[in-house]
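Right, one structure below, let's go through it.
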Amino acid sequence: MASVIDESGRVNLFHEEFARCPQPAYAELRRRCPVGRMVLSGAPIISRYEDVLWALRHPEIFSSEMELQMQLGTERPMIPQQIDPPAQTRYRKLLDPHFSRRKMEELAPAVARHARELIDGFAAKGECEFDSAFAIPLPCTAFLHLLGLPLSDLSFFLELKDDIIRPHKGRPGVHPDEFQSVRSAAGARNYDYFRRALDEREARPRDDLLTALSRAEIDGERLTRNDILDICFLLLLAGLDTVTSTLGCNMTYLAANPDQRRRLVDQPSLIPGAVEELLRWETPVVAVPRVVKRDVTLSGVELKEGELATLLLGAANTDDEHFEDAQRVDFERERNIHAAFGAGPHRCLGSHLARMELRVAMEVWHERIPDYAIKPGETPRFSPGIREALYLPLVWDV
Amino acid sequence: MRIRLDRAKCVGHGRCYVLAPDVFEDDERGHCVVRKEEVPKEFEEQARRGEQNCPEGAIALVD
């Protein structure tokens with residue numbers, strides 16, 4: 001573990017071992033340095049449940065308003081993720097009903113259909129690379145469905161989000177200095193796309209989220225065109241990679257733990273509990289950033305105004321102080337207060353969408369392909385940051 | 001058993017009305033609404049699950 005946490009207690013979150021199996025490093029961090037420091041930047045990294053939750057619930061001290069948005073090809077902050085209460089609350093009141101559990105459940109049959117179609121494409125082969133064959137396309141089709149956009153635009157969006165999140169992908173010769181221009185160009189394509197889509201809906205309203213946003217009002221005033229574009233940007237960036245990564249983490253765990261998998265196959269009613277427990281244990285969105293607005297002390301360590309703090313959700317979710325038998329994966333855990341979707345006012349807007357997609361995907365997959373394993377001789381590869389299983393070769397009998 | 005909900009703490013995780021649907025329901029925003037403040041005996045176990053699984057600690061049970 002020395003390579004993830006060095007002798008002076010500095011943490012390298014971008015180490016591949018950490019992306020593959022972060023739980024041992026989490027335990028060491030909570031024990032040795034609950035408020036640690038990142039390698040290179042020296043920025044604070046917070047790992048105890050109590051501290052992480054406190055920070056999430058105090059946006060006036062741990063703010064989401066940061067100057068970093070340009071790194072993602074945006075021209076303005078994404079709404080509502082990169083703005084704080086009270087302005088953020090007004091947007092959440094408007095957006096929450098469109099992402100409520102009830103609304104998201106209405107999409108379940110379409111997601112199940114897409115999942116079956118994807119599996120139909122490879123089931124007879126007895127193998128697939130799970131990330132590209134299933135985990136990437138499924139959330140994207142759900143996103144298109146939700147917004148009321150044509151499925152034929154799937155590849156446009158997949159390229160777009162890769163250019164923004166992973167500008168190095170498919171560009172072996174490109175120097176990292178140029179990544180920012182790749183991102184900005186993708187950001188501009190994204191704004192253009194949604195400008196056109198909104199124009200079409202203003203001319204011919206439909207029964208979809210974009211039409212609803214184009215008519216939405218806050219305190220009697222219409223949202224501006226930029227407001228809507230800034231919401232759409234967030235939906236694209238937050239809604240695709242996160243569920244993709246969670247699907248990959250779940251399947252890696254279940255492929256490596258056949259006894260647990262068999263329980264889900266024999267008893268599909270355990271799936272919702274398994275989704276929660278794997279969100280806790282795997283925490284694919286490992287951390288969220290916050291800007292420290294004024295000096296504050298956590299676990300005896302002083303954080304300074306202006307520092308960029310990393311709240312380690314994964315470490316909080318495996319904290320023995322707050323979860324009984326925290327290091328055991330228990331699909332029937334009675335009390336599961338994980339913060340995989342964050343907490344406080346910025347609780348993930350898409351959490352009910354994600355939960356529905358994960359449940360449906362797990363149900364459909366195990367109905368069709370109950371027995372599978374990681375391809376012998378192969379090792380899954382994970383990306384740092386958000387833990388996407390970039391390479392997950394699965395095999396099964398046909 | 002009575003339920004005391006701190007609405008200011010609720011941010012809409014939705015665990016309560018999923019795990020204890022006879023005791024809690026969701027409003028339009030997906031925030032918690034208590035169906036009946038006085039919990040019927042047969043739903044006390046549900047009420048406990050809802051209370052235990054609120055990540056914001058917004059639900060309290062009073063005997």
statement: The relative contact order of chain B, taking Cα pairs under 8 Å that sit 6 or more residues apart, comes to a percentage of 47
field: Relative contact order %, chain A, counting alpha carbon pairs below 8 Å whose residues are six or more apart
entry: 28
- prompt: Peptides A:256-263, A:245-252: what's the order by average Cβ count within 10 Å, highest mean first?
  reply: A:245-252, A:256-263
Span per principal axis, largest first, for the Cα atoms of segment A:1-47 (Å): 23, 21, 17
Relative counts (whole %) of C-alpha pair distances in chain B, using bins that are 5 Å wide: 4, 23, 37, 25, 10, 2
message: Given bins 5 angstrom wide, list per bin the percent of all Cα-Cα distances in segment A:88-188, short to long.
response: 2, 10, 16, 16, 16, 17, 12, 8, 3, 0
- request: Using amide H atoms built 1.01 Å from N in the peptide plane, name the residues 5+ places from A:ILE218, or on other chains, whose amide H lies under 5 Å from its own.
  value: A:LEU223
query: Which residues' amide hydrogens lie under 5 Å from the amide hydrogen of B:GLY12, considering only partners 5 or more residues apart or on another chain, with H built in the peptide plane?
result: B:CYS32
statement: Scalar couplings 3J(HN,Hα) for segment A:91-97 by Karplus 6.51 cos²θ - 1.76 cosθ + 1.60 (θ = phi - 60°), nearest whole Hz, x for Gly and Pro, are 5, 5, 4, 6, 8, 3, x
- request: Sort out for me the Cα centre separation of segment A:151-194 from segment A:251-275, rounded to whole Å.
  value: 35
message: For the ranges A:144-157, A:93-106, B:8-21, what's the packing order if you count other beta-carbon atoms within 10 Å of each residue, average per peptide, and put the highest first?
response: B:8-21, A:93-106, A:144-157
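Using the C-alpha atoms of the protein assembly as shown, what convex hull volume per residue, in cubic angstrom, is computed?
Numbers: hull volume 72.6 nm³, N = 461.
Roughly 157 Å³ of hull volume per residue.
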field: segment A:1-90, relative contact order [Cα under 8 Å, separation at least 6], %
entry: 17
message: Using only DSSP helix segments of four residues or longer, with each worth -39500 (n - 2.57), what per-residue ellipticity at 222 nm results for chain A after dividing by its residue count and rounding to 500?
response: -14000 deg cm²/dmol
task: Mind putting together the pair-distance distribution for segment A:266-364? All Cα pairs, 5 Å bins, whole percent per bin, short to long.
output: 2, 12, 19, 20, 18, 12, 8, 5, 3, 1, 0
Descending semi-axes in Å of segment A:320-398, equivalent ellipsoid built from Cα gyration tensor: 28, 17, 16
message: I'd like the Karplus ³J(HN,Hα) series for segment A:335-340: coefficients 6.51, -1.76, 1.60, θ = phi - 60°, whole numbers in Hz, and an x wherever there's a Gly or Pro.
response: 10, 10, 9, 5, 10, 4
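Quote the convex hull volume per residue of segment A:120-263, based on C-alpha atoms, as a whole number of Å³.
Convex hull of Cα atoms, per residue: 171 Å³.
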statement: Residues of segment B:3-27 with backbone N under 16 Å of the label point set 7 Å from the Cα of B:VAL62 along Cα→Cβ are B:3-8
Inter-probe distance in nm under a simple model that places probes 7 Å from Cα toward Cβ, at A:ARG204 and A:GLU334: 5.8
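Please list A:316-328, A:74-86 highest first by mean number of surrounding beta-carbon atoms within 10 Å per residue.
Details: A:316-328: 17.1, A:74-86: 18.7.
Result, highest mean Cβ count within 10 Å first: A:74-86, A:316-328.
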task: List every residue whose amide H lies under 5 Å from the amide H of A:LEU298, counting only residues 5 or more places away in sequence or on a different chain, with H placed 1.01 Å from N in the peptide plane.
output: A:LEU303
- prompt: Which ³J(HN,Hα) values, rounded to whole Hz and listed in residue order, are derived for segment A:112-118 from phi using the Karplus coefficients 6.51, -1.76 and 1.60 in 6.51 cos²θ - 1.76 cosθ + 1.60 with θ = phi - 60°, glycine and proline given as x?
  reply: 4, 5, 4, 4, 5, 4, 4
- line: In whole angstrom, the spacing between the Cα centers of segment A:347-396 and segment A:3-42 equals 25
query: By what distance, in whole Å, do the Cα atoms of segment A:163-241 stretch along each of the three principal axes, largest value first?
result: 49, 25, 20
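Over all directions, what mean area does the Cα convex hull of segment A:1-121 project, stated in square nanometres? If you can, show how the numbers build up before the last one.
On the way: hull surface 46.3 nm².
About 11.6 nm², averaged over all directions.
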- prompt: Based solely on its DSSP helices, what 222 nm [θ] is calculated for chain B when runs of n ≥ 4 H residues each add -39,500 (n - 2.57) and the sum is averaged over all residues, nearest 500 deg cm²/dmol?
  reply: -5500 deg cm²/dmol
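Read-outs throughout are calculated quantities, based only on the coordinates presented, and are distinct from any laboratory measurement. Small disclaimer: the values here were computed from a predicted structure and weren't measured. Here Cβ is always computed from backbone atoms with ideal geometry, including for glycine, and neighbour counts include all displayed protein chains.
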